[in-house]
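Okay, so here's the structure we're looking at.
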Amino acid sequence: MPVNQNFPSDKKATKETINLFVNLKTLTGKGIMFGHQDDLAYGIDWQYVPGKSDVKTITGDYPAVYGWDLAGIELALETNLDGVPFDKMKSFILEGYTKGGVITISWHLGNPLTGGNAWDTTNGAVAAVLPGGSKHDLYRGYLDRLAVFMLDVKGKNGELIPVLFRPFHELTGDWFWWGKGACSPAEFKGLWKFTVNYLRNTRKVHNLLYVYNAAFFSRKKDFLERYAGNAYADIISFDAYQCDDPRVNNDFVADVDNRLLILEQVAREKNKITALAESGYETIPYAEWWTKCLWKAIVSHNISYVLVWRNAGLIDNNHWHYYVPKKGDVSEADFKKFYKLPGTLFQKNVTKEKLYQWKL
Ligand code: BMA
């Protein structure tokens, strides 16, 4: 039987998950969805205000993609590493889905070998969680808790809410315990396959589209070095932040453009969806960043979405950490301009698309 190219990698995916996969494929090329991490939970100077969103404050509309993170669920904590209670997160997920938006979840899970956080790169953690390893049972327990959460995000009619699940993100970087410096390609692929198989076959989780997510890479070969195979991924992506001052050099635009060319080539060959899964310019201190940098880098590419990171406000050491502008910021007007571009998609656009319904 020929492989149905319009089917997610999970052959038992729920109806809504299949529909989302097919509809995202069709939507790619028509427009790029805009996403924001933790959007409904808090913003620069507020927390848990019903209906509030920093994206909405500036544009009048919500993002199309809502990002959340499950760090801490593995330890049965009540809140994630950024203080968002998991029960509240579930209701925000329902809220975003009910509006017709897309949900994506990352997982900054702690190091199972040491008990440290995701950034504890003590060598050997990946080997330890693989079957036969000293932390394998512990890791199964982590996945059990994650599965309980994924099977408890439900729409109004009881259907499971599809999630773009992005575990072990930035895998070509060397700052997480699953990163390039801390495990071999074979170990990483083993971790990925075990995780997907366990969630699918043992825990019967069928509402996930898997997002393979790199950090830096310069060749297709580097991007694919740790790819576990087409049966284990639906979306391929990478993360890229603006770090240099765009007035000084054009590196961000050139680099993202270049990486997207590689990504698109892989996506065509493997029939996957593409995304810039995390991006942003902290506090956006350049007035035209949205249209002259971000948009310039992505406009000519077929990507499904771009998601900017969280609006935490003032964090450790009095440091401003946010990626969507607030009123009065230098990039406020340009963010509105970005919102109005025919090629960007926010909540109102995707609500009309009815992404969870069968439309062929
Ligand atoms: C980082 C920062 C941290 C946060 C982590 C996980 O980029 O935003 O403050 O804890 O992501 O969300």
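Of the residues making up region 91-101, just one is in contact with a helix residue (DSSP H, G or I) (Cβ under 8 Å, 6 or more places away or on another chain) and open to solvent by less than 10 Å² (accessible area, probe 1.4 Å), namely Gly101.
Somewhere in region 309-323, is a residue open to solvent by 40 Å² or more (accessible area, probe 1.4 Å), among the acidic types (Asp, Glu) and more than 18 Å from Val55 (Cα to Cα)? The answer is yes, given that some residue of region 309-323 is open to solvent by 40 Å² or more (accessible area, probe 1.4 Å), among the acidic types (Asp, Glu) and more than 18 Å from Val55 (Cα to Cα). With respect to the stated conditions, Lys292 is in a helix (DSSP H, G or I), away from the ligand (no atom under 16 Å from the Cβ) and over 23 Å from Gly101 (Cβ atoms). One residue stands out among those in region 108-143 that are hydroxyl-bearing (Ser, Thr, Tyr) and either over 21 Å from Ser184 (Cβ atoms) or not in a helix (DSSP H, G or I) (or both): the one that is least open to solvent (accessible area, probe 1.4 Å), which is Tyr142. In region 62-78, the residue that is farthest from the ligand (Cβ to nearest atom) out of those that are part of a loop (DSSP other than H, G, I, E, B) and open to solvent by 60 Å² or more (accessible area, probe 1.4 Å) is Ala76. Under the condition of being touching a helix residue (DSSP H, G or I) at 6+ places or on another chain (Cβ under 9 Å), within 24 Å of Lys296 (Cα to Cα), open to solvent by 30 Å² or more (accessible area, probe 1.4 Å) and in a loop (DSSP other than H, G, I, E, B), the residues counted in region 331-360 number 1. Restricting Lys52, Lys88 to residues that are surrounded by fewer than 23 Cβ atoms within 10 Å (Cβ to Cβ), among the charged types (D, E, K, R) and part of a loop (DSSP other than H, G, I, E, B) narrows the list to Lys52. Restricting Thr59, Thr104 to residues that are within 28 Å of Thr344 (Cα to Cα), open to solvent by less than 20 Å² (accessible area, probe 1.4 Å) and polar (S, T, N, Q) narrows the list to Thr104. For Glu278, the requirement of being in contact (Cβ under 8 Å) with a residue 12 or more places away in the chain, within 16 Å of the ligand (Cβ to nearest atom), of a type in the set (Asp, Glu) and not in a strand (DSSP E or B) is not met. Residues that are farther than 16 Å from His108 by Cα, open to solvent by 40 Å² or more (accessible area, probe 1.4 Å) and more than 19 Å from the chain's Cα centre (by Cα) are absent from region 205-217.
The values are calculated or read from the model by the stated rules, or taken from the named source; none is laboratory data. Values in this document were obtained by computation on a predicted structure and should not be read as measured data. Here Cβ is always computed from backbone atoms with ideal geometry, including for glycine, and neighbour counts include all displayed protein chains. In case anyone asks, the SASA skips ligands and DNA or RNA and just uses the protein heavy atoms, side chains included. Shrake-Rupley method; radii C 1.70, N 1.55, O 1.52, S 1.80 Å.
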